[in-house]
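What follows draws every value from the coordinates through simple rules; no lab data is involved. Owing to the predicted nature of the structure, the values given are computational and were not obtained by experimental measurement. No Cβ is skipped: glycine too gets one built from the backbone with ideal geometry, and neighbour counts run over all protein chains shown.
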Amino acid sequence: MASTHGAHGILVASNRGPISYQTQDDGSLTARRGGGGLVSGLSAIGPDADALWVCAALGDGDREAVRRGVGEDGVRMLDIDAEVHAEAYNGIANSVLWFVHHMLYQTPLEPVFDAEFRRRWEAYRAYNGAFAEALAEEAAEGASVLVQDYHLCLVPGMLRVLRPDLRIGHFSHTPWAPVDYFRMLPDDIRAELLDGMLGADRLAFLTWRWATAFLDCAAEIDPGRYRVAPASGTTPPAVEHLDGAAPGRTRVGVHGLGADAEFLRARSHEDDVAERMAALREEIGAGRRTIVRVDRTELSKNIVRGLLAYRQLLDDHPEWHERVVHVAFAYPSRQDLAVYRDYTAEVQRVAEEINSRYGTPDWTPVVLHVKDDFARSLAAYRLADVALVNPIRDGMNLVAKEVPVVSDEGCALVLSREAGAYEELGDDAIRVNPYDVVGTARALHEALTMQPGERAERTKRLVAAATALPPARWFLDQLEALRS
Ligand code: F6P
C-alpha cells in the first residue's frame with residue numbers, strides 16, 4: 001500500500017509562527033519575520049533537513065495569505081476558524097493555562113469554571129486537533145516533531161493516536177504550576193491536559209524547578225495509569241505508562257535557553273541603535289544613572305511593582321533625585337484581553353504619578369515607552385547601569401540574560417527569585433522577592449551603589465552563564481535528546 005505520509009523529517013508546531021503578514025491599503029501583502037530560539041534552531045539545521053514549521057494564522061493578513069496561497073517554504077500556516085482560535089488562544093491558553101502556570105488569579109473571585117469555560121475548552125480541543133491533523137499529514141515516517149508550549153498541550157496525545165511511528169517532543173516555555181495550584185483545574189480537564197502532554201516521548205522545560213513541578217502533578221493523576229520514575233544517576237526522570245499505552249514512558253528533561261550573544265552584539269552596534277541611543281541620552285539627561293527594564297506589558301512581569309519600588313527608592317534616598325532615571329519599556333501584548341488593557345493603563349498611571357510627584361523641569365524620573373521598537377530596546381540595554389527583572393513568575397526571562405551581554409559598561413542585575421533565569425544567574429544577581437516593594441527598592445539602591453570593579457566582575461560571570469546555551473544549540477540539543 002502506498003504511504004500517505006508527508007515528506008518532512010523534522011517538524012515544529014507553535015501557535016505563533018516565524019512570519020506574519022499584513023494587508024496593505026492597495027491589497028498587497030507584506031511579510032514580517034520574527035526571531036527567537038526556534039528560528040535560530042531551524043536555520044542551524046539547514047535547508048536539507050526537510051523541516052516544516054506548522055503555526056496558526058493569527059490575524060487577517062495571515063488568513064489572507066493562506067487563502068491566496070502566499071507563503072514561505074518550510075512554513076505551513078493553519079487557517080483555523082477565527083472564533084475557534086480566539087476562544088482557544090485568548091479564552092483558554094492565555095486566560096486559564098497562562099494564569100495557572102504563572103499563579104495570576106485573584107482567588108477569592110477567580111477562576112470560575114462554568115459552562116462558558118467548557119464551551120471554550122471544546123474550542124481548545126478543536127484547535128489542538130487541527131494541529132495534530134496537519135502534523136500527521138506532513139510528517140514523514142518516523143519523523144521528529146517538536147510541539148511548543150501551553151497552547152498545544154493536547155497535541156502530543158492526539159498525534160500519538162494518528163501517527164504512532166513519530167518521535168514526539170513537547171517544550172514548555174512557561175513555568176509549570178505547583179501541584180496545589182494546578183489542582184484548581186477541574187479534575188477531568190487536569191487529567192486531559194496531562195494525558196495530552198504524556199502522549200509525547202519526551203517533555204522538556206526551561207529549568208528543573210518547572211520540570212519537577214510537572215512531575216509532581218503527573219504523580220497525582222492516576223496511580224493506576226502513570227508512575228513517576230525519579231532521576232537516578234545519569235538517567236533523567238520519566239513518567240511510566242502502566243496501562244500499556246504507547247510510548248511506554250515519557251522522558252523529562254531540561255534545556256535552559258540562553259542569549260544569542262553573537263547576534264545581539266552585532267545588532268546592537270548598527271546605526272539605528274546608535275540613533276536611538278542619542279535620543280534616549282537626550283531624554284535621560286547627562287550624567288544620570290539608568291535603571292532599565294524591557295518587557296511585554298504582561299501581568300506576570302510585575303511592571304507596576306517595579307515602578308512602586310522605584311518610587312520607594314526615591315522616597316528612601318532623596319540623594320538619587322535628579323541623578324537616576326528609570327527607563328521602562330512596556331510593549332503591547334495580548335490586547336484582546338481586558339485585564340491586559342487595564343494593566344497597561346495602570347503602568348502608565350503609576351509612571352505619570354511618579355513623574356508628577358518628583359519630576360523637575362530638568363528631570364523626568366521615569367522614561368516610559370509603550371511602542372515596540374527593538375532597536376530602542378537594544379539602545380537601552382547598552383545604556384543600562386542596572387537591569388530590573390522582577391517577574392512574579394517567569395519560564396526563563398531572556399532580558400535578564402541579554403542586558404549583561406549588551407550593556408556597554410556592564411550592569412548590576414536585580415533579579416526575581418521567581419524567574420527561571422535565577423537558577424543560572426542567581427549567584428551574581430541581587431535577588432528580590434517580587435512582591436516585596438521595599439526589599440526591591442533596597443536592591444535597586446544596592447545595585448546603583450555597586451562598586452565598578454565588582455560590577456565588572458559580576459557582569460563577566462553573568463555573561464558566561466547567560467550565553468552557555470545559545471539558541472541554535474538549545475534547539476539541536478532537544479532534537480538529539482528526542483531522537484536518542
Ligand atoms: O513564554 C511563552 C510565550 O508563548 C513565548 O514563547 C512568547 O514570547 C510569549 O509567550 C508571547 O506570547 P504571545 O504569542 O501570546 O504574544
Charge dipole magnitude, Cβ of K and R +1, D and E -1 - region 210-251, Cα centre, debye nearest 20
160 debye
Share, in percent, of DSSP beta bridges within the chain that are antiparallel, nearest 5:
25 percent
Given a Förster distance of 30 angstrom, what is the FRET efficiency for Arg67 paired with Arg209, based on the Cβ-Cβ distance and rounded to 0.05?
0.10
What is the mean projected area of the alpha carbon convex hull for region 261-466, to one decimal in square nanometres?
10.6 nm²
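Using a simple charge model, +1 on the beta-carbon of Lys and Arg, -1 on the beta-carbon of Asp and Glu, nothing else, what dipole does the chain show about its Cα centre, in debye to the nearest 20? Intermediate values should be presented prior to the final figure.
Values: 52 positive and 72 negative charges, 157 e Å.
Here the size comes out at about 760 debye.
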Environment charge at Ala443 (Cβ cut-off 10 Å; Lys +1, Arg +1, Asp -1, Glu -1):
0
For region 199-260, what is the Kirkwood estimate of the hydrodynamic radius, computed as the reciprocal of the mean inverse distance between distinct Cα atoms, to one decimal in Å?
12.1 Å
Evaluate the relative contact order of the chain (contact order divided by residue number), counting alpha-carbon pairs under 8 angstrom at least 6 apart; express in whole percent.
14 percent
Where in region 376-415 does the label zone of Glu454 land, with the point 7 angstrom along Cα→C-beta and an amide N cut-off under 19 Å?
385-389, 404, 409-415
Among Leu469, Leu444, Leu198, Leu162, which comes first, second and so on when ranked by fewest other beta-carbon atoms within 10 Å?
Leu162, Leu469, Leu198, Leu444
Which of Ile354, Ile92 has the fewest other C-beta atoms within 10 Å, and how do the rest follow up to the most?
Ile354, Ile92
DSSP H segments from the chain that extend 24 Å or more along their own axis, Cα-based, with Kyte-Doolittle mean of 0.0 or above:
none
Averaging over all projection directions, find the projected area of the Cα convex hull of region 284-401 and quote it in nm² with one decimal place.
7.4 nm²
Can you tell me the length gained on complete extension of the stretch Asp316 to Asn90, counting 0.36 nm per residue apart and subtracting the Cα distance?
77.3 nm
Might you report the magnitude of the Cβ-based charge dipole of region 396-462 about its Cα centre, with Lys and Arg at +1 and Asp and Glu at -1, to the nearest 20 debye?
80 debye
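Of the beta bridges DSSP finds with both residues in region 261-466, what % are antiparallel, to the nearest 5?
Here the antiparallel bridges make up roughly 5 percent for region 261-466.
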Calculated over the chain: convex hull of Cα atoms, volume per residue (Å³)
163 Å³
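Which order results if Asp187, Asp222 are arranged by neighbouring Cβ count within 10 Å, fewest first?
Neighbour counts put them in this order, fewest first: Asp187, Asp222.
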